[in-house]
1. Could you size up the charge dipole of segment 152-232 around its Cα centre, putting +1 on the beta carbon of Lys and Arg and -1 on that of Asp and Glu, and report it in debye to the nearest 20?
2. With a Förster radius of 35 Å, plug the Cβ-Cβ distance of Arg410 and Ser197 into 1/(1 + (r/R0)^6) and report the FRET value to the nearest 0.05.
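Any read-out appearing in this document is the output of simple, stated calculations on the displayed coordinates, not a laboratory observation. Just so it is clear, the model here is predicted, and its values are computed rather than measured. Every residue, glycine as well, gets a Cβ built from its backbone with ideal geometry; the counts of neighbours run over all protein chains shown.
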Amino acid sequence: MRSIPQRVCIYCRLSRRSYASAVRPPTAPKPVPDIKHIRQNAELYAQNCRDRNYPAHAEYPSRIQQLSDELRQIDQQLMPSRSRIKALEKTIGRLQNPATDPKETEQEPALRAEAQQLKDESLTLTDRKAICGDTINELALSLPNLSSPHTPVGADPALIEYLNYDPQSPPSWVNNPDPSRSHVAIGTELGLIDFASAATTTGWGWYFLTGDGALLEQALIQYSLSVARRHGWNPVTPPSIVYSYVADATGFQPRDQNSEQQIWAIEQAEKDKAKPQRSLAATAEIPLAAMHAGKDLDASTLPLKFVGPSRCYRAEAGSRGVDTKGLYRVHEFTKVEMFGWADNTPEPSKSTSTPTPTSEDLFTNLLNVQKEILTSLHLPCRILEMPTSDLGASATRKRDIEALFPSRKRNTSSSSSSTNLEEAWGEVTSASICTDYQSRRLGTRVRGNNAKDSRFPHTVNGTAMAVPRVLAAVLENGWDAQRRVVVLPEVLRPYMEQREVIGGTGK
């Protein structure tokens, strides 16, 4: 793999690292994995690991069972000693009374010696118990979320539906490839994208959006925010730097084809090595998920729905070929992300007959936002239910929407629209349900009417707008080769000075 340039600041530099040993700040909430459920359903979790391409983790559930059995045995072994120590300490305490018979007090040294001996003998078992408990937690937290019944098992996604696309009547460019219908060529010709300057300033994988390209980015952000807000998602601007343990807790640990970590970590100066590590957020999902870390949510406030634009940073080198060209796979980009919390086990309410929205309801809402945005942009798309091997650690279910990119289609002599079209599809949005995976790891709870009753909310997340990819798709699908202009979708024109096209006279 080629070397990836590292961005440098005054006091730190960025590097790729593992988050398993990330130092946690004192305020970090304690993760609470559902060990009981894992222990009682070990084979279910093991098979889930195999289905989700976590073969090395498949032995963890049985190991958790073994260690849990050992814990119970240790407790049983410690019970007589603990009872005897307690009785001895009670007797020793009674002997401290001045009214005690002097002959009885003579027994105190022997009783103390016996108590100390029992404590010493118990120390080894106590230490082993702590090790077992820590190992169980570590193994449990390493397991991926259980997959939804909706998720296809294996490596093949299930096609749900098309948007703006009829397989029987595909776009004209499918059977008549045009090399000029590439966002790299279009962006360069119209002065929208500058890759050469970015290579000089930062390196491969970065870019400048210039002129109307920069305006188009802002138009996409504003339009997606307006649609999400209309569907009830509240705007928020999240930070782009997070504690590294938060990225781990959200389950965001994607790896490239060479199994290298994909999140940029900020490396502290030597004197700060013991301080909690921070990282650049690879997606706003990470800081948004941590907004309520360690907090109790009032059940009456759920669901909570937030949408926020942010800069995202990923160290991915990308696969070889079309993914490495242009804007499809880059190191820094703007994305508008939706994130929500839902109470999937609400308490019965007498005040209203309206059911409390669940994570499935929020998931549907997310998809509706995505579909409205992409449909109105006139992008040919397909919606896929993603298979188990494609899910990240946190998701129980995931749907991707892919758009057709003319530049991704190989230029072959085949006249079939389906023979060589598969590689032309490229992901532009993703939506996931994470059940209580993230809330358990971030200590987010729901409190109801009974102060003692608490539960973990479900979380959902999804892309409202992945700017570079959608911008590239708009350029390629809106390209008018004869006029050498890009025809803008009607919904973007109010944000682009009411212009109908980019290029030419712009009128």
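1. Numbers: 3 positive and 8 negative charges, 54 e Å.
The dipole of segment 152-232 has a size of about 260 debye.
2. Working: r = 29 Å, r/R0 = 0.84.
The value I calculate is 0.75.
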